[in-house]
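So the structure is just underneath, and the comments pick up after that.
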Amino acid sequence: QVQLVESGGGLVQPGGSLRLSCVASGSIGSILVMGWYRQAPGNQRKLVATITITGSRNYLDSVKGRFTISRDNAKNTVILQMNSLKPEDTAVYYCKVTSPTRGYWGQGTQVTVSS
C-alpha cells in the first residue's frame, strides 16, 4: 500500500515563506514525476509545480520565481519551497506522485496567507 505524508502547511503573513514536504512510502516502484497541486474553495485543483525523475521542472506561471520544487529520489521525497507568499496562494496543497502505472495523491495540507 502506498502512503504519501505531507507536512509544512500553516498560516503565514504576506511576503512570508513556507516549506512543504511530501514523503512517499510503500510498494510504489519507480516514481516518474513528483508534484504539488492546489485547490482553493470554489476552484478546481490545479498544478503548481512538478519535477521529473531526471530533474526537469514545470511551474504554474503565477508562482515562477517564488516557488522552487526539488526532490530526493533516494528518499522518495519532494519539497516545495514557497517564498514571497501572497494571499492568492491560499489553498489546500496536495502532493502527487506518478509511477509507470498510476498516480497517488496525498491528503492535502492547508496553506493560508493572511495578515
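The figures follow:
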quantity: Inverse mean reciprocal Cα-Cα distance (Kirkwood Rh) of the stretch 53-111, Å; calculated: 13.0 Å
quantity: Point-charge dipole on Cβ atoms (K/R +1, D/E -1) for the stretch 55-115, about Cα centre, debye to 20; calculated: 200 debye
quantity: Rg to Rh, two decimals, where the chain supplies the alpha carbon set and Rh follows Kirkwood; calculated: 0.96
quantity: Net charge dipole size for the chain [Lys, Arg +1 and Asp, Glu -1 on Cβ; Debye, nearest 20]; calculated: 160 debye
quantity: Amide H partners (placed H, <5 Å) of VAL33, local residues excluded; calculated: THR98
quantity: Dipole axis of the chain (+1 Lys, Arg; -1 Asp, Glu on Cβ), positive-most option in VAL113, THR52, ALA40; calculated: THR52
quantity: Proximal lysines to LYS96, defined as alpha-carbon separation beneath 17 angstrom and excluding residues fewer than eight positions away on the same chain; calculated: LYS46, LYS75
quantity: From phi via Karplus (6.51, -1.76, 1.60), per-residue ³J(HN,Hα) for the stretch 43-50 in Hz, x at Gly/Pro; calculated: 10, 7, 5, 9, 5, 9, 7, 9
quantity: 3J(HN,Hα) from dihedral phi, the stretch 82-95, Karplus parametrisation 6.51/-1.76/1.60, rounded to Hz, x for glycine, proline; calculated: 10, 10, 6, 5, 10, x, 6, 7, 4, 4, 8, 9, 10, 8
quantity: Whole-percent carbon and sulfur share, accessible surface of the chain, 1.4 Å; calculated: 47 percent
quantity: Of all DSSP beta bridges in the chain, antiparallel share, percent nearest 5; calculated: 95 percent
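The values are calculated or read from the model by the stated rules, or taken from the named source; none is laboratory data. Quantities reported herein were computed from a predicted structural model and do not represent experimental measurements. Cβ coordinates were reconstructed from backbone atoms using ideal geometry, including for glycine residues, and neighbour counts include every protein chain displayed. To get the accessible areas, we keep the full protein, side chains included, count just its heavy atoms, and leave off ligands, DNA and RNA. Shrake-Rupley method; radii C 1.70, N 1.55, O 1.52, S 1.80 Å.
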